[in-house]
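Here the structure comes first, spelled out in structure tokens, and everything after it is commentary.
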Amino acid sequence: MARTPEENWQEALRRIEEAKKSRANDLDLSKLSLAAVPNSLAQLANLEVLTLENNEITVIPDFLAEIASLQRLYLGNNRIAAVPPSLTLLAKLQTLFLGSNRIVSIPESVGRLSSLGGLDLSDNQITDIPDSISQLTGLHTLFLSDNQIAVIPDS
């Protein structure tokens with residue numbers, strides 16, 4: 001039996017509270033039909049892996065940048081249209097999965113994600129790749145398929 005949006009929201013809040021109490025470093029909030037990211041996530045100082053895939057999220061909130069320990073962020077299969085520059089403040093971020101969204105562009109500040117090794121931007125509406133992507137010297141995996149990219153920067 002499917003849960004109502006309110007029941008899904010309460011389930012997300014319950015999982016966040018449980019993660020807070022146990023000082024968890026991994027949290028899965030996927031497949032809850034969430035339209036937004038709960039603010040209480042910012043309180044999870046130990047969080048290293050956050051999974052928010054298969055929801056209905058439209059905006060990546062700036063407060064995610066406050067989770068300084070975050071290493072892997074999975075936001076695939078949502079309705080996200082933009083990547084906020086604040087996300088590039090996550091200095092320890094190693095994996096960023098944003099595939100199957102509605103993203104049109106990537107901020108030039110993406111080059112600041114010096115720890116990034118894997119970046120999935122496939123199945124979006126991206127038309128340009130910023131030159132700063134060449135600054136990601138540790139990047140070993142980059143998925144850009146199913147976009148509208150006409151030119152890949154030489155750098």
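The values are calculated or read from the model by the stated rules, or taken from the named source; none is laboratory data. Please read all numbers here as calculations on a predicted model, not as lab measurements. We place every Cβ from the backbone using ideal geometry, glycine too, and count neighbours over all the protein chains shown.
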Scanning the range 31-80 for residues that are surrounded by fewer than 19 Cβ atoms within 10 Å (Cβ to Cβ) and hydrophobic (A, V, I, L, M, F, W, C), the one farthest from ASN101 (Cα to Cα) turns out to be ALA45
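Per-residue answers, yes or no, for (1) closer than 19 Å to PRO38 by Cα; (2) in contact with a helix residue (DSSP H, G or I) (Cβ under 7 Å, 6 or more places away or on another chain):
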| position | (1), (2) |
| --- | --- |
| ALA82 | yes, no |
| LEU89 | no, yes |
| SER100 | no, no |
| SER105 | no, no |
| GLU108 | no, yes |
| ASN124 | no, no |
| ASP128 | no, no |
| THR137 | no, no |
| SER145 | no, no |
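Residue under question is ASP28, and the condition is that it be farther than 25 Å from ALA2 by Cα, of a type in the set (Asp, Glu) and surrounded by fewer than 20 Cβ atoms within 10 Å (Cβ to Cβ); does it hold?
Numbers: farther than 25 Å from ALA2 by Cα: no; of a type in the set (Asp, Glu): yes; surrounded by fewer than 20 Cβ atoms within 10 Å (Cβ to Cβ): yes.
Considered against the rule, which asks whether it is farther than 25 Å from ALA2 by Cα, of a type in the set (Asp, Glu) and surrounded by fewer than 20 Cβ atoms within 10 Å (Cβ to Cβ), ASP28 comes out as no.
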Listed by range, strands (runs of 3 or more DSSP E) wholly within the range 1-97 having at least 3 residues that are farther than 27 Å from GLY111 by Cβ, of a type in the set (Val, Ile, Thr) and touching a residue at least 24 places away in the same chain (Cβ under 8 Å) are none
Going through the range 136-155 in order, the residues found to be among the charged types (D, E, K, R) and within 22 Å of THR95 (Cβ to Cβ) are ASP146
Scanning the range 98-112 for residues that are of a type in the set (A, V, I, L, M) and part of a loop (DSSP other than H, G, I, E, B), the one surrounded by the most Cβ atoms within 10 Å (Cβ to Cβ) turns out to be LEU98
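Condition first: surrounded by fewer than 20 Cβ atoms within 10 Å (Cβ to Cβ) and either of a type in the set (Ser, Thr, Tyr) or part of a loop (DSSP other than H, G, I, E, B) (or both). Now tell me which residues in the range 118-128 satisfy that. Walk me through it before giving the result.
Initial filter on the range 118-128 (surrounded by fewer than 20 Cβ atoms within 10 Å (Cβ to Cβ)): 118, 122-123, 125, 127-128.
Scanning the range 118-128 gives SER122, ASP123, GLN125, THR127.
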All conditions in (1) crowded, with 20+ Cβ neighbours inside 10 Å; (2) among the hydrophobic types (A, V, I, L, M, F, W, C); (3) outside any loop (DSSP other than H, G, I, E, B); (4) under 13 Å from the mean Cα position of the chain (by Cα) are true of ILE133 except (4)
Of (1) of a type outside the set (Val, Ile, Thr); (2) surrounded by 14 or more Cβ atoms within 10 Å (Cβ to Cβ); (3) modelled with pLDDT of 95 or more, SER145 fails just (2)
Listed by first then second residue, the pairs whose first member lies in the range 114-135 and is more than 22 Å from GLU53 (Cα to Cα) and without any contact (Cβ under 8 Å) to a residue 24 or more places away in the chain, whose partner is assigned to a strand (DSSP E or B) and not aromatic (Phe, Trp, Tyr), with beta carbons under 8 Å and at least 6 positions apart or on separate chains, are ASP128/VAL151
SER115 - would you say it is surrounded by fewer than 20 Cβ atoms within 10 Å (Cβ to Cβ), polar (S, T, N, Q), at pLDDT below 95 and over 25 Å from LEU32 (Cα atoms)? no
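Give the residue, chosen from ALA68, ALA81, ALA150, that is over 13 Å from the mean Cα position of the chain (by Cα), closer than 23 Å to ASP28 by Cα and among the small types (Gly, Ala, Ser). Walk me through how you get there before you give the answer.
Details: ALA81 fails: over 13 Å from the mean Cα position of the chain (by Cα); ALA150 fails: closer than 23 Å to ASP28 by Cα.
The match here is ALA68.
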